[in-house]
Amino acid sequence: MTDWQEVDSQYYMQTIVRVPVTLVRGEGMRVWDDKGKEYLDCVNGLAVNCLGHCHPVVVNALTEQARTLMQVSLWYYNVPMLKLAELLVKNSCMDRVFICNSGLEANEGAVKLARRYGALNLNDAYEVITTYNSFHGRSLAMTAASGQEKMHKPFVPLPVGFINVENNDIEAIKAVTTEKTCAVMLEPVQAEGGVNIADDDYLQKVRDWCDSRGVLLILDEVQTGVGRLGALFGYQLYGVEPDIMTLAKGMGGGVPVGAVLAKEKAAVFTLGDHNATFGGNPVTNATAYATLKYVIENDIPGNARKMGQYFIEQLQTLKGKYSFITDVRGKGLLLAVEFDDDIADKVVMGCLEKGMLINKLKTNAIRFVPALIINKSEVDKAVKILDEVLSGI
Ligand SMILES: Cc1ncc(COP(=O)(O)O)c(C=O)c1O
């Protein structure tokens, strides 16, 4: 039997400490490794497979389109891309879409759009304000946008035009807003940076401030969008509409696809400003269309809301039982458990042994981002495994 971990160490760039398991198959909430062991998957491709692994709706759309037409250039119209664009607009507060391939690419597009808006309407303003502990992707510009020192350090000098400030602090945003500011960019819930939930009125305050200064509000919904928080889009939970929104992760049900959406006033790209070879790719777009349609028609965000509520209640019960759990937080099915010590690795490995994948969020915290179709007995199973692991720590 091939030792895939050995192949990884010999040939692959070592950019991550992988959990020592090679996954070969998935179905719904479950995955199997190359030795046939089954796991309950609460990592879910990192908040991606919103309908679970290999959902028939996703697989059928993908395979049917792959047999029909895989790739055409953006120089031509293609039906899956346009059906997806229409579906996104009709189900959001946005007017126009550009479809790309990943979260960072969507955010790059959003920032380019904001800079064009600044050039056209704000005297060449180009700065984008973002927050500490945000995560917007791994390109050089998105590294600068992400308010995390450890991401910046290895890659200085970084592109200019990004100012990171304290999260959940409107005064911090006000303090750095100048005539150079073209946008504020936020995640409705900071996901990678710790599952940090802002105060209920924070987004509204930022919206009001942006309006008073005429600058744009960009919401990075790459992780929170498409049902993850218990609403189709996170902004709906806060009653605040962004000018630009980005999506990826859950949008394709497992295939790499992302989108920049904008209100008409912010959709200022003109001919030649932005494009991508694989943008609007028929295979990924047909898959995303089928996924999103299923999510909407079957109220999958409603299940995320209900199951998320039940899940967090069960985790709160564990918090009552184990004094070393210092916090349980989250919204919908984006949940974190924090400990008073750096035991996340131990917990991840303990869960792996007992047949569950969970994500190490920080050295002292774990994250649950299961498929949005998770049911009550699967939540019970996840909490039972975690309970067993914690009882041995
Ligand atoms: C909020 C947010 N924005 C952007 C990204 C980057 O997306 P991608 O990894 O698809 O480039 C992520 C990925 O975790 C994310 O959570």
* **Complete set of residues in the stretch 112-140 that are at negative phi and within 12 Å of the ligand (Cβ to nearest atom)** => Thr130, Thr131, Ser134, Phe135, His136, Arg138, Ser139
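So, in the stretch 204-232, how many residues would count as being of a type in the set (Phe, Trp, Tyr) and within 13 Å of the ligand (Cβ to nearest atom)? Walk me through how you get there before you give the answer.
As a first pass, look at the stretch 204-232 and keep what is of a type in the set (Phe, Trp, Tyr): 209.
From what's left, within 13 Å of the ligand (Cβ to nearest atom): none.
Total satisfying the criteria: 0.
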* Asked: Any idea how many residues of the stretch 101-140 are open to solvent by 70 Å² or more (accessible area, probe 1.4 Å) and of a type in the set (S, T, N, Q)?
  -> 3
* What number of residues within the stretch 331-379 satisfy the criterion of being open to solvent by 50 Å² or more (accessible area, probe 1.4 Å) and either part of a loop (DSSP other than H, G, I, E, B) or modelled with pLDDT under 95 (or both)? -> 7
* Check whether at least one residue in the stretch 141-149 is part of a strand (DSSP E or B), touching a residue at least 24 places away in the same chain (Cβ under 8 Å) and closer than 26 Å to Lys249 by Cβ, and report yes or no. => yes
* helices (runs of 4 or more DSSP H) wholly inside the stretch 1-120 containing at least 2 residues that are without any contact (Cβ under 8 Å) to a residue 60 or more places away in the chain and within 30 Å of Glu353 (Cβ to Cβ) -> 4-11
* Do we have Val328 as farther than 22 Å from Cys54 by Cβ, in contact with a strand residue (DSSP E or B) (Cβ under 7 Å, 6 or more places away or on another chain) and either polar (S, T, N, Q) or at pLDDT 95 or above (or both) here? -> yes
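The values are calculated or read from the model by the stated rules, or taken from the named source; none is laboratory data. A quick note: this is a predicted structure, and the numbers were derived from the prediction, not measured. We place every Cβ from the backbone using ideal geometry, glycine too, and count neighbours over all the protein chains shown. These area figures cover heavy atoms from the full protein model, side chains too; ligands, DNA and RNA do not enter into them. Shrake-Rupley method; radii C 1.70, N 1.55, O 1.52, S 1.80 Å.
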